[in-house]
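A short write-up of the structure that comes next.
Here, each number is a calculation from the coordinates, and none is a lab measurement. Here the structure is a predicted model, which is why all the values come from computation and not from measurement. Here the Cβ positions follow ideal geometry from the backbone for every residue, glycine too, while neighbour counts run over all protein chains shown.
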Amino acid sequence: MYRGRFAPSPTGPLHFGSLVAAVASYLEAKIHHGEWLLRIEDLDQPRTMPGAAESILRTLEAWGFEWDGPVVYQSRRQDLYAAALSGLQESGLVYACGCTRKEIADSAIHGIEGAIYPGTCRNGLPSGKSARAWRVRTENRIIGFDDAIQGYIAQNLELDIGDFVLKRADGLYAYQLAVVVDDAEQGITDIVRGADLLDSTPRQIYLQSLMGFPAIRYAHIPIVTNQQGEKLSKQTLAKTLDDRYPQTQLWLALDYLGQSPPAELMNASIGTLWQWMLTHWKLENIPHIRHAKIQPEPSLS
Ligand SMILES: [Zn+2]
């Protein structure tokens, strides 16, 4: 049984970059006769835009996506994350950290994603410090996996990333913990998502192993960038998808994903386009690269 998912963050309406991820994960699920679940990753409430989740659902519906089961909202699942963290606390796999951002920056060396935590609180909070965040102990060993698009990816978490945060100083559960708990709880077998999360995957695999969750297969599609090479996002002023022209946008998403849709399908009905997609979709045609520029396209209104 194949079960995939699409998990957008409601920081703004859907843009072309998120559409590409939705298309790829959806078609993979469909050609495997699997299910496709929808999860709104709204854990970071300060970054959540009011109305964005509803707008994302409306757009997906307008484009002909059909999801299985109820939509899940991370903001309503705090109890699950709390239970997962307390399990890790009981096993001694996590520890309280009292360091401020500045203290870490002063003594850290740099890894793949910025400062590597120097381990100050690993053996207990120094006197006078109180717990701010919770970190998981990393290990000095290679964690590798075969990505269906990007090939073999490996990291040594202790040397490349360092002990990472599962519960933040502001009280929020970290993305890495929430996503692992949700994927396991929802029975996800396969994840197709943007390659901006490729470097997070070894951390997620490590957490899965600590919590005894089953392994997941991964495929990371190239991230869509603008002509300046920046990832499409609200910050880089990515254009909102226009619900009036779903077939054009879907055609462009297929083209971006290396599927070579016939030109005449750009003006076909959305039903005809879906039919073509479901019979011609091939994951192996996706370019084996981490990011690619979106073509300047007048019809991308
Ligand atoms: Zn610390």
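Laid out as a table, the results:
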| read-out | value |
| --- | --- |
| In order through region 277-284: 3J(HN,Hα) via Karplus (6.51 cos²θ - 1.76 cosθ + 1.60), integer Hz, x for Gly, Pro | 4, 5, 9, 10, 4, 9, 4, 5 |
| Kirkwood Rh in Å, taken over region 78-177 so that all alpha-carbon pairs contribute | 14.6 |
| Amide H within-cut-off set for Asp147, under 5 Å, with H built and near neighbours excluded | Tyr152, Ile153 |
| Protection-proxy order for peptides 17-25, 67-75, each taking the mean of Cβ atoms within 10 Å per residue, highest first | 17-25, 67-75 |
| Lysine pairs meeting the criterion (Cα under 15 Å, 8 or more apart or interchain), as found in the chain | 5 |
| Angle in degrees between helix 78-90 and the longest Cα principal axis of the chain, rounded to the nearest 10 | 40 |
| In sequence order, calculated HN-Hα J values of region 49-64 (Karplus, 6.51, -1.76, 1.60; Hz; x Gly/Pro) | 9, x, x, 5, 4, 5, 5, 5, 4, 4, 5, 4, 5, 4, 8, x |
| Karplus 3J(HN,Hα) series, Hz, for region 173-187 with 6.51 cos²θ - 1.76 cosθ + 1.60 (x for Gly, Pro) | 6, 6, 3, 4, 6, 4, 5, 5, 5, 5, 4, 5, 5, 8, x |
| Helix 16-31 axis, angle to the chain major axis (alpha carbon atoms, nearest 10°) | 80 |
| Other-chain or far-sequence residues with amide H under 5 Å of Asp163's (modelled H) | Tyr117, Thr138 |
| Ranked packing of 142-154, 28-40, most packed first, by mean Cβ within 10 Å | 28-40, 142-154 |
| Thr11 long-range amide H proximity, modeled H, under 5 Å | Met49 |
| Charge dipole (debye, nearest 20) of the chain; +1 at Cβ of Lys and Arg, -1 at Cβ of Asp and Glu | 660 |
